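Working notes, beginning with the structure itself.
The values are calculated or read from the model by the stated rules, or taken from the named source; none is laboratory data. All figures in this text were calculated on a predicted structure; none of them were measured in a lab. All Cβ positions, even for glycine, are placed from backbone atoms using ideal geometry, and neighbour counts span all protein chains on display.
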Amino acid sequence: MNPSTDSSYCVTHPLEPAQGTCPRCGSFTCDRCAEPGANGLCPACRARLGDDGAPFPLARTTWSMGALWSHCWARFTADWLMLSVAVLIVAGCSGACSLVGQIGQLGVRLAAHQGAAAIAASMVVLVGVQVVLGIVQGLFQLGLILVVLDAVRGKRVDLARIFQAFAQWRRYTVLMLIVGVAALLIIGALAVVGIAAATLLPHATGALIALFTAEGAVALVLAFWAMPCAFATFELAYNPEAKPTRVLSNCFAIVRDNRWNALGVFFVAGLAACVGLLACCVGIIPGAALAQVIIAGLFLSLRNGCALPTD
C-alpha cells in the first residue's frame with residue numbers, strides 16, 4: 001500500500017489513522033483493512049472483485065499475446081454458454097431499440113403530408129427518441145461489459161448485471177456526450193476544409209486529390225491517437241464512481257505506450273468475431289462473446305500496474 005499522511009483516516013474505519021491507499025480506487029486504508037490475501041485492496045474493492053480479492057494475473061509490464069489468449073480462452077470456455085446468452089440478450093434489446101427508431105422514421109414520413117409544422121415537430125421528436133435509444137443501446141453494451149469483466153476475473157456470470165448498468169445512465173450520457181462532441185468537431189473541421197477547397201479550387205484536380213489524401217492521413221492519425229476512447233465503457237464499468245473526465249484521462253493513461261499492442265489485440269478480437277460469422281453464422285454469438293472477453297482481458301492487463309490518479 002502507498003504511504004499516507006498522519007492527518008488522514010481510513011474510509012472504512014473512520015477512527016483508525018490511514019496507513020496507505022487502495023491501489024484500485026485510491027481510498028485511504030488502515031491496518032484493519034490489511035487482511036491476509038487482500039493485496040492492499042480496501043474492503044469495498046475486494047467485495048467488488050470477488051470474495052478473495054485476487055488480482056488479475058496479467059499486468060501491463062508482464063503480459064503477452066500468448067498469455068492473454070491463454071487466460072481469455074480459459075475463461076471463455078468455462079462460461080461460453082452464459083456469455084453467449086448475455087450477448088444474445090444485448091443484441092435482442094439493441095435490435096428492439098432499432099425497431100422503435102425505424103417506427104419513428106415512418107412517423108416522420110407520414111407527417112410529411114400534414115404540412116411543414118407537423119414535419120418540424122415530428123423531426124424534433126424523432127431526434128430526441130434517437131438520442132434516448134442510442135443511450136439505451138449503449139447502456140446495454142455497458143451491462144454486457146460488466147458481465148464480461150466478471151467472467152474474465154473469474155467471478156460468476158450474472159446476467160442481471162446487464163440491467164444494473166442502467167444505474168450509470170447519467171455518467172454514461174455525459175461520457176458519450178464528451179466523446180461525441182469532440183468527434184463531431186474534428187469531423188466537421190475536416191469536412192469544412194474539404195468543402196471550402198472544392199468550392200474555391202473546382203478545377204485544381206491535383207491539388208484537391210492531395211488535400212483529400214492529407215485529410216485522410218490526418219483522420220487516421222487522429223483515430224490512432226483517440227484509440228484509448230475504445231476503453232471508455234470498460235473503465236466506466238470497472239470504476240463506476242469516476243467522473244466522465246477522469247474516465248477518459250484514465251483510458252489515455254492505460255493505453256500509453258501500448259497503442260500498437262492494443263491495435264494488434266483489437267485485430268485478433270475482430271478475427272475471433274469474424275470466424276463465428278464465417279461459420280455459417282452459427283458461431284456469430286459465441287464469436288462476439290469471445291471478442292469481448294479478449295478486449296476485456298487486454299483492458300485489465302494494461303490497467304493492472306498502471307499508476308492512475310484519483311479524484
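Among Phe212, Phe231, which is within 28 Å of Arg161 (Cβ to Cβ) and part of a helix (DSSP H, G or I)? When all the criteria are applied, what remains is Phe231. When Ala217, Ala196, Ala182, Ala191 are screened for being small (Gly, Ala, Ser) and either more than 29 Å from Trp260 (Cβ to Cβ) or more than 31 Å from the chain's Cα centre (by Cα) (or both), only Ala196 passes. Filtering Leu300, Leu271 for residues that are at pLDDT 90 or above and either touching a helix residue (DSSP H, G or I) at 6+ places or on another chain (Cβ under 7 Å) or in the same structural domain as Met82 (by TED's automatic domain parsing) (or both) leaves a single hit, Leu300.
Annotation note: Cβ proximity below 8 Å between a residue of the range 139-159 that is without any contact (Cβ under 8 Å) to a residue 24 or more places away in the chain and a residue that is surrounded by 19 or more Cβ atoms within 10 Å (Cβ to Cβ) (sequence gap 6+ or interchain) occurs for Asp150/Arg161; Arg156/Asp150; Asp158/Val147; Asp158/Asp150.
Restricting Leu201, Leu159 to residues that are farther than 30 Å from Asp79 by Cα and either among the small types (Gly, Ala, Ser) or out of contact with any Asp or Glu (no Cβ under 7 Å at 6 or more places or on another chain) (or both) narrows the list to Leu201. Just so you know, in the range 240-261 the residues that are of a type in the set (S, T, N, Q) and buried (at least 17 other Cβ atoms within 10 Å of the Cβ) include one that is nearest to Cys45 (Cα to Cα), and it is Asn250. Would the range 183-194 turn up any residue that is within 30 Å of Asn304 (Cα to Cα), at pLDDT 85 or above, touching a Cys at 6+ places or on another chain (Cβ under 9 Å) and in the same structural domain as Ala269 (by TED's automatic domain parsing)? Looking for residues that are within 30 Å of Asn304 (Cα to Cα), at pLDDT 85 or above, touching a Cys at 6+ places or on another chain (Cβ under 9 Å) and in the same structural domain as Ala269 (by TED's automatic domain parsing), one finds at least one in the range 183-194, hence yes. The one condition from (1) modelled with pLDDT of 80 or more; (2) surrounded by fewer than 18 Cβ atoms within 10 Å (Cβ to Cβ); (3) not in a loop (DSSP other than H, G, I, E, B) that His13 does not meet is (3). Please specify each residue of the range 189-209 satisfying the condition of being part of a loop (DSSP other than H, G, I, E, B) and surrounded by 11 or more Cβ atoms within 10 Å (Cβ to Cβ). Result: Leu201, Ala204. Of the residues in the range 36-55, not one is small (Gly, Ala, Ser), within 22 Å of the chain's Cα centre (by Cα) and modelled with pLDDT of 80 or more. Any residue at all in the range 238-253 that is part of a helix (DSSP H, G or I) and in contact with a Phe, Trp or Tyr (Cβ under 8 Å, 6 or more places away or on another chain)? So far as the range 238-253 goes, yes, one or more of its residues are part of a helix (DSSP H, G or I) and in contact with a Phe, Trp or Tyr (Cβ under 8 Å, 6 or more places away or on another chain).
Being closer than 24 Å to His71 by Cα and modelled with pLDDT under 90 is a property that Leu208 lacks. Of Phe234, Phe252, Phe266, Phe224, all but one fail to be among the aromatic types (Phe, Trp, Tyr), assigned by TED's automatic domain parsing to the domain that holds Val85, under 30 Å from Val152 (Cβ atoms) and in contact (Cβ under 8 Å) with a residue 40 or more places away in the chain; the exception is Phe234.
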